[in-house]
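So the structure is just underneath, and the comments pick up after that.
The values are calculated or read from the model by the stated rules, or taken from the named source; none is laboratory data. In this text, all values refer to a predicted model and were calculated from it rather than measured experimentally. Cβ: placed from backbone, ideal geometry, glycine included. Neighbour counts: every protein chain shown.
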Amino acid sequence: MTTTNADRPVLILDFDGTVCVGDAPVWAYAEAVITAILSGDDAGTRHAAIDEQIRSRLGGFLDGAPGSPEYLDGYAAVADLAADHATSEQLQAAYQASRQALATGTLTVSTPPGLAAFLHTIGPGVERVLVTNAPPSGIAETLSALGLRNAIDRIITSAGKPAGWSDLLPDLIGARPASHVMAVGDIWGNDLAAPHAAGCATALIDRFGHHAGPANLTARTFEELYPGIHAWAADPDGFVAAHPARVDAIPSPQH
């Protein structure tokens, strides 16, 4: 019996924090925001406060320092920390500058260990779809640089998650059972909430142990999820029955 694309399970992958890891893009965003803020006439008097509020607190958040606020991710942390100093236009321009730096290969990023081999292993039987809110500029180039371009079957950029799922999920699920679609991401509200509500399987990368919502699989790193995703790909219905979605208690990192 031949399996068509419409019959294959679909693995939905987020980009930042999921297949592309490393905090360099977030720091590039932060530095661009700081530069914009300090370009004003009172830059000198504000420098120390800005340095403490953004650089130091962002560093603490990214390092998982105890007591750090539970931001969605590093980008959200920068935007919140700079909210009293930067305009929305400055934040957007800084974000675009960080994405351009990523596109040109000037930022150091990587993939989770063994990701390319993992995606190639499940590839013949599973459609691998990248769904990201990032703009299209540089995504394909970054995937190529990371050795992942041939491990992804389809790329959807500027997805507008979470609201954008309302248009995306019907196409991604198609005629297959919703459990034959699995979403993998590091921000539950953006990446997994809507797929979970639609009946899809979900795998959460909970780097900071926020326990934001239920998932069929949860771990601090993507590579810890590989065995479970393999099990889902081999038998989606059996996997979902054996792994009901729940909020896992992941031990806090040691400091």
> How many residues does region 51-103 hold that are among the β-branched types (Val, Ile, Thr) and either in a helix (DSSP H, G or I) or assigned by TED's automatic domain parsing to the domain that holds residue 209 (or both)?
Replying inline: 2
>> Can you pull out every residue in region 189-245 that is among the aromatic types (Phe, Trp, Tyr) and more than 15 Å from residue 13 (Cβ to Cβ)?
In response: 208, 239
> Just wondering, is there one or more residues in region 189-198 that are surrounded by 24 or more Cβ atoms within 10 Å (Cβ to Cβ), of a type in the set (Asp, Glu) and in contact with a strand residue (DSSP E or B) (Cβ under 7 Å, 6 or more places away or on another chain)?
Replying inline: yes
> Restricting attention to region 124-142, which residues are in contact (Cβ under 8 Å) with a residue 40 or more places away in the chain and either touching an Asp or Glu at 6+ places or on another chain (Cβ under 7 Å) or crowded, with 16+ Cβ neighbours inside 10 Å (or both)?
Replying inline: 126, 127, 128, 129, 130, 131, 132, 133, 134, 139, 142
> Would you pick out the residues in region 121-146 that are at pLDDT 95 or above, within 18 Å of the chain's Cα centre (by Cα) and not hydroxyl-bearing (Ser, Thr, Tyr)?
Replying inline: 128, 129, 130, 131
>> When the residues of region 16-36 are narrowed to those that are under 12 Å from the mean Cα position of the chain (by Cα) and aliphatic (A, V, I, L, M), which ends up surrounded by the most Cβ atoms within 10 Å (Cβ to Cβ)?
In response: 19
